[in-house]
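Accompanying notes for the structure given below.
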Amino acid sequence: MKICILSRNPNLYSTSAIVNAATEMGHEVEVIDPLLCYMVIAAHRPSIHYKGRELNNFDAVIPRIGASITFYGTAVVRQFEMMGSFCVNESVAISRSRDKLRSLQLLARKGIGLPVTCFAHSTKFTGDLISQVGGAPLVIKLLEGTQGIGVVLAETHNAAESVIEAFRGLKQNILVQEFVKEANSCDIRCFVIGDKVVAAMMRKGRDGDFRSNLHRGGSVLKVKLTPEERSTAVRAAKIMGLNVAGVDILRANHGPVVMEVNSSPGLEGIEAATDVNVAGKIVAWIEKNVQSSTTRTKGKG
């Protein structure tokens, strides 16, 4: 196969790991910066060009689209779909997962366990908003935040009111969520490929920080999932329409609750924690599905 990886940096661990795995398995791989692509929008012969040449002979496309370039990156993926390419994660699914509110609404509609969540913009009834999620402590998130940025734990009612009012003054859309104390500042990243969880790790926030993101100094260890946790992770990825996803869950007293579904999950932390060749499993899944599968959306949405 000839595989295209859409990534801005070929030296990133995740990108290079997939390149190495695919090469070792006998495939030809090229890393393409999506921001350097330009597209011809035509009814009969849509095309993508890169550094003066047309891209038209890839068997599979692996999008590694960063959050900061979601709009243009998904446009490039959509163009590949219009050309009939097999995209591991489709543009509509990536866009769904990047919209925190939309993703939570889709998961809730399908009965996936979630932390009690409220969404607000400029409500002046801050006290009622806080009470809807069970009161303080609670978590307040900017809708556009990533990697733990724009996420605040308000431990008291007064602190929660102050943070919400500050975000309101900035005219920001916010999510207010119950704080799952029993999770003990830990979450579980489940790496889903197709209909299986191929690897899982527990992430724990550094001392004094409830956020477990590795970018913020969190630590990781291998973890054994319950059948319910596996099922929840796979269902969440399928609801988003993602074939490759990182599903983040918390262990609440009433069962697993999903925090986020990531369409471009990093490989470094989970491969180190589990000794699983996740990159190789991605390529193996492509080998099995590239011929039989077709793009469902054909660039729609």
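Read-outs throughout are calculated quantities, based only on the coordinates presented, and are distinct from any laboratory measurement. Everything numeric in this text was worked out from a predicted model, so none of it was measured. All Cβ positions, even for glycine, are placed from backbone atoms using ideal geometry, and neighbour counts span all protein chains on display.
Observations
- Per-residue HN-Hα couplings for segment 245-259 [Karplus 6.51, -1.76, 1.60; θ = phi - 60°; Hz; x = Gly/Pro]: 8, x, 9, 9, 10, 10, 8, 8, 4, 9, x, x, 10, 8, 9
- Gyration tensor (alpha-carbon) shape descriptor, segment 18-97, a/c threshold 1.5: oblate
- Label corresponding to Kirkwood radius over Cα pairs in Å when calculated from the structure given, among [x] 19.3; [y] 20.2; [z] 21.6: [y]
- Taking trypsin sites (Lys or Arg not before Pro) across segment 25-74, the ones in a DSSP loop with at most 10 further Cβ atoms lying within 10 angstrom of their Cβ are 51.
- Remark on residue 243: its backbone amide H falls under 5 Å from those of 90, a criterion applied only to residues 5 or more positions apart or on other chains, H modelled at 1.01 Å from N.
- Take every pair of alpha-carbon atoms less than 8 Å apart whose residues are at least six positions apart; their mean separation over the length of the chain yields a relative contact order of 19 percent.
- Loop-located trypsin sites (Lys or Arg not before Pro) in segment 149-194 (DSSP state not H, G, I, E or B) with no more than 10 neighbouring Cβ atoms inside 10 Å: 171.
- Segment 182-286, relative contact order [Cα under 8 Å, separation at least 6], %: 29
- For segment 130-196, the square roots of the Cα gyration tensor eigenvalues, ordered a ≥ b ≥ c, give a/c of at least 1.5 with a/b no greater than b/c, which places it in the oblate category.
- Computed from backbone phi, the HN-Hα couplings of segment 135-142 come to x, 6, x, 8, 10, 10, 10, 6 Hz, rounded to whole numbers (Karplus: 6.51 cos²θ - 1.76 cosθ + 1.60, θ = phi - 60°; Gly and Pro given as x).
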